[in-house]
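The structure appears right after this line, and notes come after that.
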Amino acid sequence: MTKRTIAIVTPILNDWESFGFLIRDIAALKALAGDRVILVAVDDGSTAIDPPHQDALTGCLEAIHVISLKANQGHQRAIALGLAYVERNVSADIVIVMDSDGEDTPDSLADLVEAHESHPEKMIVAQRAQRSESVSFRLFYQIYKFVFFLLTGKAISFGNFCLAPKARLSNLLYNAGVWNNIAATMLKSRVPIHFVPTNRGTRYSGESKMNFTSLMIHGFSAISVFTDVVIGRIITFLVGASTFVIGCVIGVVGLKLFTSVFVPGYATYVILFLVTMLAITLFTGFLMILSLLATREQAASLPSRLIDDLVDEVGIVSRSSVINSVAS
């Protein structure tokens with residue numbers, strides 16, 4: 001088998017202890033023993049950095065790049081900038097995105113790579129076969145998936161843990177939605193996707209920072225990738241509702257003028273109020289569409305264009321050398 005080069009992108013925010021465990025577990029993977037693995041850690045504005053040393057490069061690990069951002073950009077943007085860095089600076093055959101806290105298990109990397117061998121033209125995504133979060137978290141997650149489907153018409157059942165062939169990386173990086181949510185961007189870019197069932201791992205240390213507020217923001221970020229679709233579906237619903245209400249108005253007027261059926265006096269006012277509200281909402285919706293179309297005339301702020309502005313420095317540890325504070 002030809003020796004592959006695998007780039008693994010992982011965002012980090014003040015969790016360098018977990019990153020150390022991740023380095024250890026990836027280096028020990030026998031399934032990747034014949035490959036060259038380059039680990040790209042994106043420091044998303046940590047208050048203190050504990051970079052790895054050269055002696056951590058054992059097993060399949062060939063190099064570790066630590067990209068320090070000038071300021072906290074958020075989980076999704078950190079991933080996007082990491083992918084842009086890989087596209088520009090790392091000659092990799094495949095690129096994997098995973099979290100560094102242990103919940104995306106290193107053992108699952110072998111499953112993703114194996115699936116890539118069978119489906120080399122597809123994006124490979126990890127789909128949770130078993131979840132271990134609290135009941136309330138799982139309930140809100142199911143609500144999020146339902147609302148996402150209702151507004152976008154797409155089913156989403158995976159997160160950031162994924163594998164992209166290098167040739168498919170541009171499908172993500174040159175879609176502005178990658179700033180907000182990588183999983184939703186995959187769906188919108190219509191790339192072929194293959195699902196691999198995985199189990200959620202146990203955190204190496206600390207507690208998850210994901211709570212109801214962050215889950216809600218994450219959900220809105222995913223939906224925002226489909227802003228044009230969402231607006232279109234809302235407008236379609238409002239047109240249908242308006243048609244129904246106008247039909248009710250005509251029916252009420254007909255009953256009142258041409259039949260002896262008793263119609264409460266307030267019914268007309270209620271229906272007219274609904275018509276007025278729907279008309280205002282429709283008008284607002286059309287303005288939203290015009291605003292959305294107007295923004296398309298502007299150049300999108302893509303990760304590849306902003307990486308030089310947002311990256312402060314890059315530290316590289318490889319088997320042959322250690323380079324600290326390499327300017328981006």
Cβ-Cβ distance below 6 Å, separation of 6 or more or different chains: which pairs start in segment 23-34 with a residue that is over 14 Å from Ile64 (Cβ atoms) and end on one that is hydrophobic (A, V, I, L, M, F, W, C) and modelled with pLDDT of 90 or more? Ala31/Ala110; Leu32/Cys60; Ala33/Cys60
Out of all the residues in segment 50-67, is one or more modelled with pLDDT under 90 and under 25 Å from the mean Cα position of the chain (by Cα)? no
Which residues, counting only those in segment 256-275, are over 13 Å from Leu238 (Cβ atoms) and part of a helix (DSSP H, G or I)? Lys256, Leu257, Phe258, Gly265, Tyr266, Ala267, Thr268, Tyr269, Val270, Ile271, Leu272, Phe273
Total residues in segment 196-215, condition farther than 22 Å from Gly102 by Cβ and touching a residue at least 60 places away in the same chain (Cβ under 8 Å): 1
Residues in segment 56-77: is at least one open to solvent by less than 40 Å² (accessible area, probe 1.4 Å), in contact (Cβ under 8 Å) with a residue 40 or more places away in the chain and within 20 Å of Leu187 (Cα to Cα)? yes
Kindly check whether there is at least one residue in segment 162-178 that is of a type in the set (S, T, N, Q), in contact with a strand residue (DSSP E or B) (Cβ under 6 Å, 6 or more places away or on another chain) and open to solvent by less than 60 Å² (accessible area, probe 1.4 Å). no
Hits in segment 240-275 - residues which are at pLDDT 80 or above and not hydrophobic (A, V, I, L, M, F, W, C): Gly240, Thr243, Gly247, Gly251, Gly254, Thr259
For segment 24-58, which positions are farther than 13 Å from Ser318 by Cα and either touching a helix residue (DSSP H, G or I) at 6+ places or on another chain (Cβ under 6 Å) or small (Gly, Ala, Ser) (or both)? Ala27, Ala28, Ala31, Ala33, Gly34, Ala41, Val42, Asp44, Gly45, Ser46, Ala48, Asp50
What's the total number of residues in segment 125-161 that are over 15 Å from Val225 (Cβ atoms) and surrounded by 20 or more Cβ atoms within 10 Å (Cβ to Cβ)? 3
Selected residue (only one of Leu83, Leu39 is outside any helix (DSSP H, G or I) and either open to solvent by 20 Å² or more (accessible area, probe 1.4 Å) or hydrophobic (A, V, I, L, M, F, W, C) (or both)): Leu39
Gly219 - would you say it is under 18 Å from Tyr141 (Cα atoms) and either among the aromatic types (Phe, Trp, Tyr) or surrounded by 13 or more Cβ atoms within 10 Å (Cβ to Cβ) (or both)? yes
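The values are calculated or read from the model by the stated rules, or taken from the named source; none is laboratory data. Not measured: the values here are computed from a predicted model. Virtual Cβ from ideal backbone geometry, glycine too; neighbours counted across all protein chains shown. Side chains included, ligands, DNA and RNA excluded: accessible areas come from the protein's heavy atoms. Shrake-Rupley method; radii C 1.70, N 1.55, O 1.52, S 1.80 Å.
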